[in-house]
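Visitor: Here it is: the structure, laid out below.
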Amino acid sequence: MNNKIKEYRARHDLTQDDLAKKVNVRRETIVFLEKNKYNPSLKLAHDIARVFGVAIEEIFIFDTE
Amino acid sequence: MKRSLIIFLVAAMVLATTALWFFTSTPKLNFMDNLHFFIIILIVGFAVFVGYKRLTNARRGEPTEDELSKKVLQKTAAWSYYISLYLWVGVIFINDRVEIDTEVLIGSGILAMALVFAICWLVFNFRGIRNE
């Protein structure tokens, strides 16, 4: 699974710290998400999508291969 | 915050008892004693590192635990348990061939288990948990 968190974060002028506080996780978790080293839970994916005001599938791209 | 303080307190207690053992036991420590001492210092260092990380997270206004840290802890527990099973098989294998005191053997096994846990945590914490 890939994601566009970094791209959306830049668009909304948010730092990793800001996003972490908004979705109530540690900054390290956002770092791992952006590096595709961690797949978030449905709740966290939903929270992140809600911060950016878009649907989950616009940020998280499911690789079918 | 409370748990971070408990971690520091336990680390301080372990250090204090290790220092007591180091200065009051046998006048000259053998290789196994030195190895135990070194592993205890490593584990205390690991505990201080974890406590410090939790404290800095709390100071930044972030949660000390979140879903990633909980998953890392779960995976660490699972892997260290699995590795520890083989470790004890190894300990029994060594015990059959080399004569070592039972206390030393059990103490070494417990320290090795703690070391395995610390190493597993460091690996999963810095490598991340992907596609699971």
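The values are calculated or read from the model by the stated rules, or taken from the named source; none is laboratory data. Quick caveat, the model's predicted, so the values are computed rather than measured. Glycine gets a Cβ as well: all are built from the backbone with ideal geometry, and neighbour counts include every protein chain shown.
Visitor: Can you tell me which of B:Phe124, B:Phe93 is in a helix (DSSP H, G or I) and either assigned by TED's automatic domain parsing to the domain that holds B:His36 or out of contact with any helix residue (DSSP H, G or I) (no Cβ under 9 Å at 6 or more places or on another chain) (or both)?
Guide: Residue meeting the stated conditions: B:Phe93.
Per-residue answers, yes or no, for (1) more than 10 Å from chain B (Cβ to nearest Cβ); (2) more than 10 Å from the chain's Cα centre (by Cα); (3) surrounded by fewer than 15 Cβ atoms within 10 Å (Cβ to Cβ):
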residue	(1), (2), (3)
A:His12	yes, yes, yes
A:Leu19	yes, no, no
A:Arg26	no, yes, no
A:Ile30	no, no, no
A:Ser41	no, yes, yes
A:Leu44	no, no, no
A:Val54	yes, yes, yes
A:Phe60	yes, no, no
A:Asp63	no, yes, yes
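Visitor: Return the only residue of B:Gly51, B:Gly61 being within 20 Å of A:Arg27 (Cα to Cα), assigned by TED's automatic domain parsing to the domain that holds B:Leu5 and modelled with pLDDT under 85.
Guide: Within the list B:Gly51, B:Gly61, the selection yields B:Gly61.
Visitor: Next up: If we scan region B:10-31, do we find a residue that is among the aromatic types (Phe, Trp, Tyr) and at pLDDT 85 or above?
Guide: Step one: of region B:10-31, the residues among the aromatic types (Phe, Trp, Tyr) are B:21-23, B:31.
Subset that is at pLDDT 85 or above: none.
No: zero hits.
Visitor: Quick one: in region B:24-76, of everything that is in a loop (DSSP other than H, G, I, E, B) and more than 13 Å from chain A (Cβ to nearest Cβ), which residue is surrounded by the fewest Cβ atoms within 10 Å (Cβ to Cβ)?
Guide: B:Pro27
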